[in-house]
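Working notes for the structure below.
The values are calculated or read from the model by the stated rules, or taken from the named source; none is laboratory data. Here the structure is a predicted model, which means the values were calculated and not measured. All Cβ positions, glycine included, derive from the backbone under ideal geometry; neighbour counts span all protein chains shown. Note: accessible area is taken over every heavy atom of the protein model, side chains too, but ligands, DNA and RNA are not part of it. Shrake-Rupley method; radii C 1.70, N 1.55, O 1.52, S 1.80 Å.
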Amino acid sequence: MLDKIRETIGSYGMLDGKSRVIVALSGGADSMCLLNVMKTLSSEYSFEVDAAHVNHCLRGEESERDNSFVREECKKRNVILHEKRVDIAALAAQRKQGLEECGREERYDFFAHLAENENTVIATAHTASDNAETVLLNITRGCGIDGLSGIPPIRGNIIRPLIGCTRKEIEQYCLDNKIPFVTDSTNLTDDYARNKIRLNVLPELMKINPGVDKAINRLSSVAHTERRYIGEQVRRILDKHKTSCGYSVSGLLGENENILPDVIRAAAEMSFGITAEKRHTDIILKMMKNCSGALQIRRSCIVKINKDDLIFEKKGQPKEKPFFEPIQPEADRDYYFCGKKYRFSRKKYEKNSTDNKINKKLLYLMLDCDILSCDTVLRQRQSGDHFRPYGRNCTKSVKKLFTELKIPGQKRDELLLLARGSEVLWIEGIGSAENAVPDSSSYILAEVGENYE
């Protein structure tokens, strides 16, 4: 079994660059086996082993028994134990959630806190048997290729070294190596949907095919491979159509319609850490086609359309404003901010040059050659800024100009401008001021592009 676990670790690069593994320890056979395995392999892979236990306070004395057992076993093995105690029943009632959903959220929030260091991973004891049950449960509820993929072997800073081992193999390993464990009494009843699959459905399927769990895991593996390919395409699409506020609606709608539900789910997962359901993706697609609308997916998770932006935001949690250190810009040097690259290049009018079409580029790209001086600063907007747009014969505050152009508040802080004191000479995406346009054979070309570095 150790060789099988080594193969799983190597195949997915689970421990590459990692110096610390925290085992999610419930005290059951699977997690105690995992703790033993990680301790056994720690010197081979050069990492330290800790453990983490969450007491959900759902089973009275039995929960306290498990907590004490885990604490004692970690002490015997000289393993640091991180503990969290939470009344899941009370919390779930307060949040109006199911017990399983609330418990899972609390566990993974705790794990995320423990694994803030990039050299640390959390190891959970999910097995091939768990995966087979999950796939069947997903099919029962109605799923796509994501559901058929089952439990991913690695996800962010969560690794699952036992995912290639069956529960029977693990129980035999515990027996052979005299590894103690406790049994959760709720696993022996069919009060929960997963337990119904484990205790009633799988045994019946095994009468048809004794190796049904392996067959389901083969299906899961194939689906996972296809899911990875789709994921690569989804990431490419999201990168391609990223905007300062979210994602370009028109850009996304220009992609193959069949992949858009996957794109929306990926964006929601990256933004909120949750999986959007089909009903959510259907509504969001309609919003995109109508160029308007808003949807609350879960508690504080809001998806909305603003002009051509598809925006994912947390309700009641304002985004931290981006900050750009004001700087005196130099010609032919790159500056980076909010995923964009800025460059101010000195140019001369040359015969047949495409840049000679000054009338078309004047408002957005061309500036007077002397504009980059010791008193000119590249910065974000600030109170008191005023701007005289070229050709409009009026001066107005930058704040009023942004309001007139209906630029969203968050996006305003992501636009850079050139200024001399409170006098703004150029604004990204808007153009140059009247007194900053070129008046000689030389000029400054202001270029703003996406930064993929």
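Through the Karplus equation 6.51 cos²θ - 1.76 cosθ + 1.60, θ set to phi - 60°, convert the phi angles of region 391-401 into ³J(HN,Hα) values in whole Hz; use x for Gly and Pro.
x, 9, 6, 7, 10, 8, 6, 4, 4, 5, 4
Ordered by residue, what ³J(HN,Hα) values in Hz, to whole numbers, does region 78-94 give under the Karplus form 6.51 cos²θ - 1.76 cosθ + 1.60, where θ = phi - 60° and Gly and Pro are x?
Listing the rounded values in order: 6, 10, 5, 10, 9, 10, 9, 10, 8, 7, 5, 4, 5, 5, 5, 5, 5 Hz.
Tell me the volume per residue, in Å³, of the convex hull enclosing the alpha carbons of region 14-93.
Values: hull volume 8.1 nm³, N = 80.
Cα-based convex hull of region 14-93, divided per residue, equals 101 Å³.
Between beta-carbons, use under 14 Å as the cut-off and find the net charge around G150, counting Lys and Arg +1, Asp and Glu -1.
My count for the surroundings of G150 gives +3.
Counting only protein chains, not ligands or nucleic acids, how are M206, M14 ordered by accessible area (probe 1.4 Å), most first?
Sorted by accessible area, descending: M206, M14.
With unit charges on the beta carbons (Lys and Arg positive, Asp and Glu negative) and the dipole taken about the Cα centre of the chain, which residue among Y390, V70, F272 sits farthest to the positive side?
Farthest towards the positive end: Y390.
Once each part is reduced to its C-alpha centroid, what is the distance from region 372-406 to region 127-191 in angstrom?
59 Å
Trypsin sites (Lys or Arg not before Pro) within region 37-99: which are DSSP loop residues with at most 15 other Cβ atoms inside 10 Å?
Filter output for region 37-99: R59, R77, K96.
Restricting things to Cα coordinates, could you compute the convex hull volume per residue of region 96-238 in Å³?
167 Å³
On the full set of protein chains, 1.4 Å probe, figure out the accessible area of E232 and give it in Å² to the nearest 10.
Counting only protein heavy atoms, the figure is 100 Å².
How big, on average over all directions, is the shadow cast by the Cα convex hull of region 197-328, in nm²? Write out the running numbers ahead of the final one.
Numbers: hull surface 49.2 nm².
Spelled out: convex hull of the Cα atoms, projected over all directions, averaged, 12.3 nm².
Which far-off residues, 5 or more places away or on another chain, put their amide H under 5 Å from the one on E255, with H placed in the peptide plane?
Amide H neighbours of E255, under 5 Å, 5+ apart: none.
Post the alpha-carbon centroid distance, region 20-81 to region 216-281, in whole angstrom.
A separation of 35 Å, based on Cα centres.
Dipole of region 1-144, Cα-centred, from +1 at each Lys and Arg C-beta and -1 at each Asp and Glu C-beta, to the nearest 20 debye?
Here region 1-144 has a charge dipole of around 80 debye.
If you take the charge dipole of region 83-202 about its Cα centre, with +1 on Lys and Arg Cβ and -1 on Asp and Glu Cβ, which of G142, A92, T166 is farthest toward its positive end?
The Cα lying farthest towards the positive end belongs to G142.
Leaving ligands, DNA and RNA out of it, work out the accessible area of R155 with a 1.4 Å probe and give it in Å² to the nearest 10.
Probe radius 1.4 Å; accessible area of R155 about 110 Å².
Tell me, what HN-Hα J-couplings in whole Hz come from the Karplus equation 6.51 cos²θ - 1.76 cosθ + 1.60 at θ = phi - 60° for each residue of region 128-134, using x for Gly and Pro?
Each residue's phi maps through the Karplus curve to give 4, 5, 4, 5, 4, 5, 5 Hz.
Give the lysines whose C-alpha is closer than 19 Å to that of K168, dropping any in the same chain fewer than 8 places away, or say none.
Output for K168: K4, K178, K196, K207, K214.
Enter the angle in degrees (range 0 to 90, nearest 10) between the Cα long axis of helix 99-114 and the first principal axis of the Cα atoms of the chain, meaning the one along which they spread out most.
Here the helix axis deviates by roughly 70 degrees.
Suppose we keep just the alpha-carbon trace of the chain; what are its Rg and Dmax in angstrom?
Computed over the Cα atoms of the chain, radius of gyration and Dmax are 28.7, 88 Å.
Measure nothing but the geometry: give the 0 to 90° angle between the long axis through the Cα atoms of 212-240 and the longest principal axis through the Cα atoms of the chain, rounded to 10°.
Roughly 10 degrees, rounded to the nearest 10.
In square angstrom, what is the accessible area per residue of region 97-227 with a 1.4 angstrom probe? Please report the intermediate quantities before stating the final value.
Details: 6840 Å² over 131 residues.
Computed with neighbouring chains in place, this is 52 Å² per residue.
Under a 5 Å amide H to amide H cut-off, with H placed in plane at 1.01 Å, what residues pair with N55 once short-range neighbours are removed?
Those lying under 5 Å, H to H, from N55 are K84, R85, V86.
Under a 1.4 angstrom probe, counting protein chains only, how are H56, H280 ranked by accessible area, largest first?
The ordering from most to least exposed comes out as H56, H280.
Would you mind finding the longest exposed-site-free stretch of the chain, with exposed chymotrypsin sites (Phe, Trp or Tyr not before Pro) meaning DSSP loop and at most 11 other Cβ atoms within 10 Å?
Longest site-free region, per DSSP loop and neighbour criteria: 1-322.
First measure r as the distance between the Cβ atoms of E423 and I327, then evaluate 1/(1 + (r/R0)^6) with R0 = 22 Å and state the FRET efficiency to the nearest 0.05.
Once rounded, the FRET efficiency stands at 0.80.
Give me the extension gain from E44 to T403: residue separation times 0.36 nm, minus the current Cα-Cα distance, reported in nm with one decimal.
123.1 nm
Scale the Cα Rg of region 373-422 by the rule-of-thumb value 2.2 N^0.38 Å and send over the ratio, two decimals.
In units of the 2.2 N^0.38 Å rule of thumb, it is 1.16.
Does anyone have the angle between helix 278-290 and the longest principal axis of the chain? Alpha-carbon axes, 0 to 90°, nearest 10?
The angle comes out at about 10 degrees.
State in Å² the accessible area per residue of region 394-439; use a 1.4 Å probe, count heavy atoms of protein chains only, and round to the nearest integer.
Here the per-residue accessible area is 41 Å².
Taking amide H atoms as placed 1.01 Å from N in the peptide plane, list the residues 5 or more away in sequence, or in a different chain, whose amide H sits under 5 Å from that of E48.
Distant-sequence amide H within range of E48: R20, V21.
Can you figure out the FRET efficiency of S441 with K341, using R₀ = 30 Å and their beta-carbon distance, to the nearest 0.05?
Taking R0 as 30 Å, the efficiency between S441 and K341 is 0.65.
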